[in-house]
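Working notes, beginning with the structure itself.
The values are calculated or read from the model by the stated rules, or taken from the named source; none is laboratory data. Since this is a predicted model, take the numbers as computed values, not measurements. Note that each Cβ is placed from the backbone with ideal geometry, even for glycine, and that neighbours are counted across all protein chains shown.
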Amino acid sequence: MKGRPASKRRSPRRSTGTPVQPRPQAHGRFRMVWMAVAIGVAVAAILAFLTWDTQQEMVSELEMFGDGHRLPPGDPPLDAAAVLGLNPQVPQTVSEINEEILAVGKLVMTTLPQRPEAYAQMAVAHLQVGQERAALESWQRALEQNPSFAEGHLGMGVLLKEFGEDEAAIASLSKAIEVNPELEPAYRELTSLLLQQRRTEQAVEVARQCVQRFPDQAENHYWLGQAFLQHEDYEAASRSYEQTLRLAPDYSPALHSLAVAAARMGDKDRATQYQKRFAERKALELEAERQEARNFDDLASRRQALSKRHAVAGVLQLQVGDPRMAEAHWLRAAAIDSQERTTRQALATLYEQQSRTAAAVQMLEELCRLEPEQAEYFLRKGRLLVGLGADLPAREALQQTLQLAPQTAEAHRMLAQIHLRSATDWPTAVAHAETAARLAPSSDTYLVLAAVQSQSGDLAGARAALSRALQMDPDNPRTRRAYERLRELD
């Protein structure tokens with residue numbers, strides 16, 4: 001493995017009582033662990049960002065009467081490559097992709113030198129290109145910025161464990177748990193290492209803490225079973241493995257370990273049964289792995305890795321209040337991976353909040369193409385187009401929303417408003433307005449219903465709808481004015 005002295009390479013260690021799973025190649029192991037930890041945390045942050053509620057703000061901009069509200073066009077499209085100092089052409093080879101992965105890490109580290117997360121992203125970048133020793137240095141620099149950065153201790157622990165520096169790894173992983181008891185992967189890494197060290201009682205205690213904190217994760221019960229197995233408490237081990245299978249029926253390591261535990265308790269029939277199930281499941285897994293290997297596209301995989309690096313960088317930039325840099329990273333991510341969704345979601349929300357409606361609509365159109373079964377994208381697109389007064393494309397988007405989610409009250413309400421503005425097809429307008437009021441009764445929906453009924457000549461229905469609106473919001477001046485205007489017509 002690159003960067004590892006020969007004297008420090010860890011050889012597979014087997015200990016009596018604990019089946020040892022084959023160790024993946026180091027680069028693959030690092031990628032699996034840290035793509036799951038660091039990137040997973042960052043994507044969760046993007047998703048949290050996407051939950052910002054812009055719906056009420058956008059709805060308040062809509063005019064119930066008249067031609068609708070036109071939002072300002074906003075800034076011109078951002079030149080992401082120029083802002084980031086990258087080649088305008090997206091990388092086309094694995095070598096070029098690896099260069100940009102490192103460039104993104106260095107850029108984040110340079111622009112956010114006081115943030116430990118920036119050095120963490122540099123560490124992940126090094127790991128993705130196989131530079132493990134450089135990654136270790138980046139984790140150390142992250143901890144220099146913040147000694148209580150739990151992810152830094154976890155990163156150090158994983159690498160030190162891989163390098164065979166077990167005592168230092170145990171100290172780092174223990175510190176990660178001490179600083180942040182919710183850092184789930186640290187428990188599993190520490191349990192595994194303690195078992196390799198034959199420190200069985202400590203392993204049982206750490207694994208038990210993990211299960212108590214995270215009882216819904218099958219792998220946590222598996223590792224508790226491994227600790228009990230090494231402790232020669234075969235009944236407790238079996239209970240843990242059985243719980244693993246209740247949570248994940250196809251988890252083959254638990255089947256194998258159950259066979260081992262049953263054999264050691266002298267139950268040959270159960271041992272044979274579980275060994276047979278394990279062999280059947282393992283055969284399926286091996287065939288799936290062979291199929292995956294046949295279909296594997298290394299270039300596409302590396303593109304996805306680079307896209308995620310930009311996604312993470314954008315989150316960090318947004319956290320420090322630089323939406324321009326966040327936008328640049330997310331645009332680059334979208335350009336690199338034409339199927340990537342998360343950054344497009346983030347960009348659509350960012351553009352909505354910045355009133356850059358045309359850009360938001362473009363991103364939502366891409367999301368509609370990528371996930372045509374998601375009604376939310378069509379609804380958001382329709383909402384923006386209604387705000388712009390672009391009634392025809394808005395109607396198409398809202399009708400598609402209702403095909404996917406017929407009970408979407410907002411789509412019915414906005415379709416009623418479109419018909420109201422164009423003064424066409426009053427029966428359809430009334431039907432949409434009535435449905436909106438039934439699905440989501442509120443002062444606003446009854447106002448729309450009243451307006452449609454009034455324009456269609458149903459003054460009695462309009463008065464009834466306005467009365468309901470006033471009952472729901474008696475202090476609403478717009479409702480009061482509409483009610484007084486309608487009374488003047490009597």
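Points worth noting:
- Test: residue in the range 366-388 that is within 25 Å of Glu100 (Cβ to Cβ) and of a type outside the set (Asp, Glu): yes
- Flag if Glu182 is surrounded by fewer than 18 Cβ atoms within 10 Å (Cβ to Cβ) and of a type outside the set (Ser, Thr, Tyr): yes
- Test: residue in the range 191-207 that is closer than 27 Å to Val104 by Cβ, at pLDDT 95 or above and touching a helix residue (DSSP H, G or I) at 6+ places or on another chain (Cβ under 9 Å): no
- Taken as a whole, the structure places Asp216 among residues that are surrounded by fewer than 20 Cβ atoms within 10 Å (Cβ to Cβ), at pLDDT 95 or above and under 24 Å from Tyr274 (Cα atoms).
- Taking the range 126-166 as the range and being closer than 28 Å to Ser301 by Cα and either part of a loop (DSSP other than H, G, I, E, B) or among the acidic types (Asp, Glu) (or both) as the test, the residues that pass are Val129, Gly130, Gln131, Glu132, Glu137, Glu151, Glu162, Phe163.
- Taking the range 163-210 as the range and being at negative phi and among the small types (Gly, Ala, Ser) as the test, the residues that pass are Ala168, Ala169, Ala171, Ser172, Ser174, Ala176, Ala186, Ser192, Ala203, Ala207.
- Across the range 204-213, the number of residues qualifying as farther than 11 Å from Ser240 by Cβ and either small (Gly, Ala, Ser) or crowded, with 24+ Cβ neighbours inside 10 Å (or both) comes to 2.
- Inside the range 176-203, residues that are assigned to a helix (DSSP H, G or I) and touching an Asp or Glu at 6+ places or on another chain (Cβ under 7 Å) make up a count of 2.
- So Val260, is it in contact (Cβ under 8 Å) with a residue 40 or more places away in the chain, in contact with a helix residue (DSSP H, G or I) (Cβ under 8 Å, 6 or more places away or on another chain) and in the same structural domain as Ala81 (by TED's automatic domain parsing): yes
- Within the range 225-254, residues that are outside the structural domain of Phe214 (by TED's automatic domain parsing) have Cβ atoms under 9 Å from residues that are polar (S, T, N, Q) in no pair, counting only partners at least 6 apart in sequence or on another chain.
- Residue check for Phe278: crowded, with 18+ Cβ neighbours inside 10 Å and at pLDDT below 95: yes
- Residues satisfying the stated conditions in the range 285-318, i.e. part of a helix (DSSP H, G or I) and without any contact (Cβ under 8 Å) to a residue 24 or more places away in the chain: Leu286, Glu287, Ala288, Glu289, Arg290, Gln291, Glu292, Ala293, Arg294, Asn295, Ala300, Ser301
- Among all residues of the range 383-393, there is at least one that is on the phi > 0 side of the Ramachandran plot, modelled with pLDDT under 95 and out of contact with any strand residue (DSSP E or B) (no Cβ under 8 Å at 6 or more places or on another chain).
- Residue check, Ala348 under 19 Å from the mean Cα position of the chain (by Cα) and either assigned by TED's automatic domain parsing to the domain that holds Pro116 or within 25 Å of Tyr119 (Cα to Cα) (or both): no
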